[in-house]
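Working notes, structure below.
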Amino acid sequence: MTAFLGGILGKLLKFVYDMVSTIGAEPENLSFYAIAIIITTIIFKLLLLPINLQQAKSTKKMGELQPQMKEIQTKYKNDPQTQQVKMQELYKKHNYNPASGCLILLLQMPIIFAFFAVFRDPARYAFTEPGFYEAMNKTFFWIKNLDNPDPYLWGLPLLAALTTYIQSAVMAPPNSDPQAQATQKTMSYFLPVMIFMASKGFAAGLALYWVISNIFTIVQQLISNRSLGKIKEDK
């Protein structure tokens, strides 16, 4: 599955690179390859936008139902059967499917892994012509070759960690119970540290993809939160 999807997404990256390379002279400190990574990542996120918006709605709905769910769990803690019935009634009343968020995530994962593979090994999935990828200019401002890790910790590794933290913060479900909040808080610190450590060894092109993807998701989530908030106020 990864190889199949990676081949498709690799063709997208190559197509964007070919288009970018026709715009004129290549900037000295910003290679066509770096520009292609940025544009391809944005296109990729736009293609997944309908799925991500549906997931955002599902997460928000679950947050809104958390107090009522907690009340049912407390009231019928000694009667699991009745608790289950009441939960189903609550879901039906608010037209909510608790499995929808997981299904959406499962649908995305193979595509995300395939895209990750493309940027991990571009010569295999995108630039398959012998010697073409090796001869490409891969500069990105302070980075001479996006195949290599960023030489500066304050560069893409820090940006990857920072944008991961901000993304976790803006995507945190509202009205979650204390245990969920504690788990979310732990992950919001642990995950950025993991990403920072990993980005130190990643090819910088992969780290660049991660940063641009996070920035897109942050902007998307802020707009989504605002839009869903307005819809709720208008009801």
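What the table below lists for this structure:
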read-out	value
5 angstrom amide H check on L30, placed H, neighbours 5+ away	F141
Cross-link table K92/K185; K45/K185; K70/K93; K11/K45; K138/K200; K61/K86, entries beyond 20 Å C-alpha to C-alpha	K92/K185; K45/K185
At R0 = 22 Å, FRET efficiency that the Cβ-Cβ distance of F141 and T2 yields, to 0.05	0.10
Of all accessible heavy-atom area on the chain, the percent that carbon and sulfur account for (1.4 Å)	64
Packing rank of 25-38, 207-220, where each peptide gets the mean count of other beta carbons within 10 Å, highest leading	207-220, 25-38
Where the Cα pairs of segment 1-139 fall when distances are cut into 10 Å bins, in %	11, 29, 21, 15, 13, 9, 4, 0
Probe 1.4 Å, protein heavy atoms only - accessible area per residue of segment 30-69 in square angstrom	40
Label point at A198 placed 7 Å out along Cα→Cβ; residues across segment 126-169 whose backbone nitrogen lies under 13 Å	160-161, 164-165
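The values are calculated or read from the model by the stated rules, or taken from the named source; none is laboratory data. Predicted model, so just to flag it, every value in this text is computed and none were measured. Counting neighbours? That spans all protein chains shown, and the Cβs are built from the backbone with ideal geometry, glycine included. Heavy atoms of the whole protein, side chains included, go into the accessibility calculation; ligands, DNA and RNA do not. Shrake-Rupley method; radii C 1.70, N 1.55, O 1.52, S 1.80 Å.
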